[in-house]
Amino acid sequence: MYVCMYVCVCVCMKEKAGCCLPIATAVGAVGQWFVVTQVSTEFPVCCAPAPRMFMAAATIRLGPLLLFVLWTTVTVVLPGSGEGGWQLSGLGTAVAVPEERCTVERQAHLTYSEFMQHYAFVKPVILQGLTDNSRFRALCSRENLLASFGDNVVRLSTANTYSYRKVDLPFQEYVEQLLHPQDPTSLGNDTLYFFGDNNFTEWAPLFQHYSPPPFRLLGTTPAYSFGIAGAGSGVPFHWHGPGFSEVIYGRKRWFLYPPEKTPEFHPNKTTLAWLQEIYPSLAPSARPLECTIQAGEVLYFPDRWWHATLNLDTSVFISTFLG
Ligand SMILES: O=C(O)CCC(=O)C(=O)O
């Protein structure tokens, strides 16, 4: 007989009864951690929707292996490990978004000539395994960034399509006070987003450790835009020159249309609002190309392609624009 044993480690992000439901009926205080183990004959599909949670599951034969799996699982899923201290709170159970159908090709170990032939001027692609940015990633942990750049003033932009308003404030203040999940009811022009407008002198000690995708287009010069943003935030549809976008921590969902297909969107509404209000009514032929990129993956978008982004978690990311 097979028995499924699972371990969930979760932390309450909001004070409410049943914080870690549906696996535990704990009444959680904010910041409280729970470790829940259960043995069941059903595979646990229950963990994902909870506010923040790491889950591991094992389907094993009853016996001494059970204890071993429990021990190793708890060790591997230690709270926050591997995420650089950034809260991967997800969009939360209260925010319902239509499911993704990934329609952007993923390519591992693409050669430059394949890139030029099939994608550079043709369509977006997700690149895997091109560079190793593990050192850069380590430097981008919450603790390291706050220690090195906490006092630096960063320039934030509103997350709308045109007429960006700019606000300057210390990086530490941004991280500690503004980096929360997006309120689904607020407008893009009221949402402050840290992306671009980077002071390259001040941030040089960090950027010198970033290895950009090695592909170049003739006549263009690469320029970095570094950002950190909360779950549910993003930039609504806009277009510009070609570029790459790499996720360092978190997950980022992309929506893309070719230059000749102007999307239906409101320039002052967030991508989250677009996804909830407009996306569900699109006919299959009117849907964008879309995909969620994970940490370590790089999305390439060609010149003048419309694109919009949605951070599914608190995300750290860097774009290399080919201007
Ligand atoms: O990463 C983001 O959220 C915004 C990216 C973007 O819009 C861009 O690279 O132009």
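The values are calculated or read from the model by the stated rules, or taken from the named source; none is laboratory data. Since the model is a prediction, treat every value here as computed from it, not as a measurement. Heads up, the Cβs are rebuilt from the backbone with ideal geometry, glycines too, and the neighbour counts pull from every protein chain shown.
From the list Ala138, Ala120, Ala147, the one residue that fits, being in the same structural domain as Cys291 (by TED's automatic domain parsing) and touching a Leu at 6+ places or on another chain (Cβ under 9 Å), is Ala120.
Scanning region 301-323 for residues that are within 18 Å of Phe226 (Cβ to Cβ), more than 8 Å from the ligand (Cβ to nearest atom) and part of a strand (DSSP E or B) returns Val316, Ile318, Thr320, Leu322. The set of residues in region 175-197 that are free of Cβ contacts under 8 Å to residues at least 60 places away in the same chain, not β-branched (Val, Ile, Thr) and not in a loop (DSSP other than H, G, I, E, B) comprises Glu176, Gln177, Leu178, Asp190, Leu192, Tyr193, Phe194. Being part of a loop (DSSP other than H, G, I, E, B), away from the ligand (no atom under 13 Å from the Cβ) and more than 28 Å from His109 (Cα to Cα) is the filter here; which residues of region 199-236 pass it? Hits for region 199-236 are Asn199, Phe200, Thr201, Glu202, Trp203. Among the residues of region 126-174 satisfying the criterion of being β-branched (Val, Ile, Thr) and part of a strand (DSSP E or B), which is nearest to Ile248 (Cα to Cα)? Checking each candidate, the answer is Ile126.
Residue-wise test of (1) of a type in the set (A, V, I, L, M, F, W, C); (2) outside the structural domain of Gln182 (by TED's automatic domain parsing); (3) in contact (Cβ under 8 Å) with a residue 40 or more places away in the chain.
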position: Pro267; (1), (2), (3): no, no, yes
position: Leu275; (1), (2), (3): yes, no, yes
position: Tyr279; (1), (2), (3): no, no, yes
position: Pro284; (1), (2), (3): no, no, no
position: Glu290; (1), (2), (3): no, no, yes
position: Val298; (1), (2), (3): yes, no, yes
position: Thr309; (1), (2), (3): no, no, yes
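Selection of region 240-266 for residues being in a loop (DSSP other than H, G, I, E, B) and either away from the ligand (no atom under 11 Å from the Cβ) or surrounded by fewer than 17 Cβ atoms within 10 Å (Cβ to Cβ) (or both) yields His240, Gly241, Pro258, Pro259, Glu260, Lys261, Thr262, Pro263, Glu264, Phe265, His266.
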